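This report concerns only the one structure given below.
What follows is calculated from the coordinates using simple rules that are stated; it is not laboratory data. Computed from a predicted model, the values in this text were never measured in an experiment. Every residue, glycine among them, receives a Cβ derived from its backbone with ideal geometry; neighbour counts consider all protein chains shown.
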Amino acid sequence: MLDGAEGTRYFARTDLEHGRELWKTDGTCAGTRLVKDIEPGLGSSASRNLTAIGGILFFRAETSGQGYEPWLSDRTRKGTRPLQEIAPGPQPSEPRAFTLSGWDVFFVANDGCTGFERWALPFRPEKRCRVALEQ
């Protein structure tokens, strides 16, 4: 389980309608909701390795025809999306250890050719970008 803003917690949950997917809760039954059914229906994205960095959730998820690949979420259904497919086809890249360092989010993943290596994503918080553009 991962703590979020204003007492909201994010976690992977399994139910009979959606399989194992990304959920959020404020600690009440009424406030517990599916963020996104990444693998629609009973299929399961088996979301794992949730890491919050600057208001964004980074994690790995599995979809049909692809193994575990990196995903991100701004904590909304619409803002939950896959990142680049690292290992092509059904082979999983198994991304993990999402870490912020400077202006980049680093993680470890396997592209299927060179084994596990460090990958980097540029990560510019919106407020910082706006300040840079105004100067």
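Per-residue 3J(HN,Hα) values for the stretch 24-31, derived from phi via the Karplus relation 6.51 cos²θ - 1.76 cosθ + 1.60 with θ = phi - 60°, read 9, 8, 9, x, 10, 4, 5, x Hz in sequence order (x marks Gly and Pro). Recomputing Rg and Dmax of the Cα atoms in Å from the coordinates shown identifies the correct label among (1) 15.0, 45; (2) 15.6, 52; (3) 27.3, 82 as (2). Taking amide H as placed 1.01 Å from N in the peptide plane, the amide H of Gln91 sits under 5 Å from that of Gly67, each at least 5 places away or on another chain.
Electrostatic bookkeeping for Ala87 treats Lys and Arg as +1 and Asp and Glu as -1; over the other residues with beta carbon under 11 Å from its beta carbon, the sum is -4.
What does the net charge come to around Leu16 if you take all other residues with beta carbon closer than 15 Å to its beta carbon, with K and R at +1 and D and E at -1? Net of charged neighbours comes to -3. Taken over the alpha carbons of the stretch 1-79 as equal point scatterers, the Debye sum produces base-10 log I(q)/I(0) values at 0.28 Å⁻¹ of -1.49. Estimated from helices alone, the mean residue ellipticity of the chain at 222 nm is -2000 deg cm²/dmol (sum of -39500 (n - 2.57) over DSSP H runs with n ≥ 4, per residue).
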